[in-house]
Amino acid sequence: MTPAPANISEATDKTAAVPRGGSGCSAKSEQPASGEEGSRQRRRGAELEDAIRAACVTELAVTGYGELTIESVAARAQTGKASIYRRWPCKQDLVLDSVAAVMSGPMMYISEQTLDDKVTTRDALLDGMSQVVTFMASDHGDAMRSVMGESLRDKSFAGTFHCEFFDPRKEALLNVLRRGVERGEVRPDAVDDFVIDLMAGALIHRVLIRQDRPSRAELEQMVDGFIMPAISPRCAC
């Protein structure tokens, strides 16, 4: 799977939303009222979509996934429900797209194409982990915790969340390890999902479970004392 950031569509308010395949959305039973957007702030295209995504993430952080509604997002974004339904058929699609958009950077673009030749595997992994810690310590961290909590309760939601959010980032990390193999910094057998799980698990435990923010020095200790020794070529002596 080739990782890619959530695209910001240039569609206007008249653009119809195309449902995302396999999203698990159920048909909405409520249709937005006619003329509902008449008194709302008139924004179009990327500007409106960015405002809706930002409002969605804020609602996630404030109320959590369970209490978030299309109505509450529309009110916070100062737009109508119709503007949201045209782009995202249901709450799940809106949430996944919004979270992917605000977290498009961490562990996504650390790949062979974006890394200078001077950047070692160790430096690339350390930078990616630092990005994740910084993100989770920001205002968006509570939104992410809410979404991850929902993925533990709803198997359908979890499947979509893993496919659209975690899998691209896992592939980005695997690409870093593959690059490391080519550079002689990583063993071929270390390019493995299990290694990725170990790396992610260390961060999840510290940042999500303990709600702690590891310092740069602690991340360096994690990379130098645990990750690199586990994936580096073994000494032939």
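The values are calculated or read from the model by the stated rules, or taken from the named source; none is laboratory data. The shown structure was predicted, so the numbers you read here are calculated from the model rather than taken from an experiment. Note: ideal-geometry Cβ built from the backbone for every residue, glycine included; neighbour counts use all protein chains shown. Only protein heavy atoms, including side chains, enter the accessible area calculation; ligands, DNA and RNA are left aside. Shrake-Rupley method; radii C 1.70, N 1.55, O 1.52, S 1.80 Å.
So, with +1 on the Cβ of K and R and -1 on the Cβ of D and E, and no other charges, what is the size of the charge dipole of region 67-200 about its Cα centre, to the nearest 20 debye?
Value, rounded to 20: 380 debye.
Towards the positive end of the charge dipole of region 58-172, with charges on Cβ (+1 Lys, Arg; -1 Asp, Glu), say which of Pro89, Thr160, Val62 has the farthest Cα.
Pro89
Enter the accessible area of Glu49 (Å², nearest 10), with the probe set to 1.4 Å and all protein chains included.
Spelled out: Glu49, probe radius 1.4 Å, area about 10 Å².
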